[in-house]
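The values are calculated or read from the model by the stated rules, or taken from the named source; none is laboratory data. Only a predicted model underlies this, so the values are computations on that prediction, with no experimental measurement involved. Here the Cβ positions follow ideal geometry from the backbone for every residue, glycine too, while neighbour counts run over all protein chains shown.
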Amino acid sequence: MKIKFLILIFFLPLAAFAQSKKIFEVTKDESQLLQGDFEGVGQDSLLLVLLYAPDFGAGLKIKSTKGWIRGKEPRYDNDTRNWELFFRLNTTNEVNINFSDFQQETIIIENPSEGPRIISYNVFEKEKDPNANPVLVINSDPSEASILIESIPQGKIILSEKETRFETKNLLADSVRIHLEKEGFYKIDTTLYLKKGEVYSLDFKLDPIVKELEIKTKPIDAALLLNGEPIINPFFGTLSLGTYNLTMTRKFFHDKTVAFDLTEGDSLKILNFEMDPKLSSITLPPLPKLDGARVFIDGVQSPIVNGVIKEVAFGTRTIMVEKRSLKPFSDSLLVDKENVVIPVEFFTLENNDLGEKTAKKISLGLGFGAIGTGLYLMQSANKNYAAYQKANTSTEAASLRKQVESADQLAPIVFGLGGLFIGIQFLF
């Protein structure tokens, strides 16, 4: 898959620079049996093809559709003016020859049935027939483009084909308009003047119509394959029109593949995809301390049914436990399979003794407070008794005596309560 950016291309009339091509004339000589080995290659595996090409020499370009014997590339012999081509037996091959300003020629090398042989060909330039119809060869990329040829100025359709490579000798010398088109590609229109006896070879490359595409996913870091090729996420670029397959993968999520079409229309297409997380069930251990506790996963309280928490997303989750009689608990748990059983040792649940310590502190404070109050009452009673002995009137003496008796009665009670509060903390 090729990702391209939008480029504007202007096509000039081809008639301004199209040139006719020369033609090869290839003739075959009698083949001969190959005698003995040929430079280390046994005759049982060798087919030697000689191309006698005195007019082209070492400049002739040669290509085989099935290759050559390893280590035996084509070579040109200046003395014999032959190209030597080395093939394996039992293989039918095609040899393409080319030269500057010439129309490419294909030679079919058939496997000889008589055994290892030398096959010779003569390669020359074919003389032009000034009265012959022009030859037009059209090659299209991509393949199978629709080719339409019209006469100028009549506008008459001379022929219409759908080919990768098209060749015709049925045109008369005249000006013609050539149209090439294929779905999803920009059209090409050009003109050409054909002369008698000439060969015209034209190569057309149609540029694809492209469309801007933006792809986003949730989660944002999913790996993306577009038609099997990795792309970045998020993706923004331009693609030619057509059907595409997008595959999304990420750990802890189900793989997702979708197909979509890019068609003509708005220049920008935005696609948003959400992947489905893998879900697990978590089984809690049978701990008495968990009875009545609230369990939170990633801060959200989760319902517990028969000791099981369902629909927990894969990944590293934070488990929290809250209960009045327990200290708060929090720890991380990796959820990486459909059923996760939490072992007993995962939970380190400790009793919450904060209330007990607070009660002991309050009890101790009340105890010391009561003792202090008792001491104050005793001191107050002593002062009031001294004042009672010095009273000047019977009324004053009665009041002070009452206060002394009241303090004497309360002091033992307060001392007792103080001792009780202090003693409570040693009982627990």
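Below, the figures for the structure above:
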| item | result |
| --- | --- |
| F124 closer than 19 Å to K21 by Cα, out of contact with any Cys (no Cβ under 9 Å at 6 or more places or on another chain), surrounded by fewer than 16 Cβ atoms within 10 Å (Cβ to Cβ) and of a type in the set (A, V, I, L, M, F, W, C) | yes |
| Every residue from segment 296-306 that is exposed (fewer than 13 other Cβ atoms within 10 Å of the Cβ) and either at positive phi or assigned by TED's automatic domain parsing to the domain that holds F252 (or both) | G299, N306 |
| Residue that is loosely packed, with under 12 Cβ neighbours inside 10 Å, over 30 Å from P208 (Cβ atoms) and modelled with pLDDT of 85 or more, where the choices are G59, G71, G36, G40 | G59 |
| Residue in segment 269-277 that is closer than 30 Å to P343 by Cα, out of contact with any helix residue (DSSP H, G or I) (no Cβ under 7 Å at 6 or more places or on another chain) and surrounded by 11 or more Cβ atoms within 10 Å (Cβ to Cβ) present | yes |
| Residue in segment 270-304 that is farthest from S330 (Cα to Cα), counting only those that are touching a residue at least 60 places away in the same chain (Cβ under 8 Å) and over 23 Å from the mean Cα position of the chain (by Cα) | S280 |
| Subset tally (residues that are surrounded by 13 or more Cβ atoms within 10 Å (Cβ to Cβ) and out of contact with any Pro (no Cβ under 8 Å at 6 or more places or on another chain)) for segment 278-293 | 11 |
| Close pairs (6 angstrom Cβ cut-off, 6 or more residues apart or separate chains): free of Cβ contacts under 8 Å to residues at least 40 places away in the same chain in segment 249-269, in a strand (DSSP E or B) anywhere | T249/A223; D255/T249; K256/M248; T257/T247; V258/L246; A259/N245; F260/Y244; D261/T243 |
| All strands (runs of 3 or more DSSP E) inside segment 77-159 with 3 or more residues being touching a residue at least 60 places away in the same chain (Cβ under 8 Å) | 105-109, 117-125, 135-141 |
| Lone unmet requirement of (1) exposed (fewer than 13 other Cβ atoms within 10 Å of the Cβ); (2) in a helix (DSSP H, G or I); (3) not aromatic (F, W, Y) for N392 | (2) |
| Hits in segment 305-320 (condition: within 29 Å of the chain's Cα centre (by Cα) and of a type outside the set (S, T, Y)) | E311, V312, A313, F314, G315, R317 |
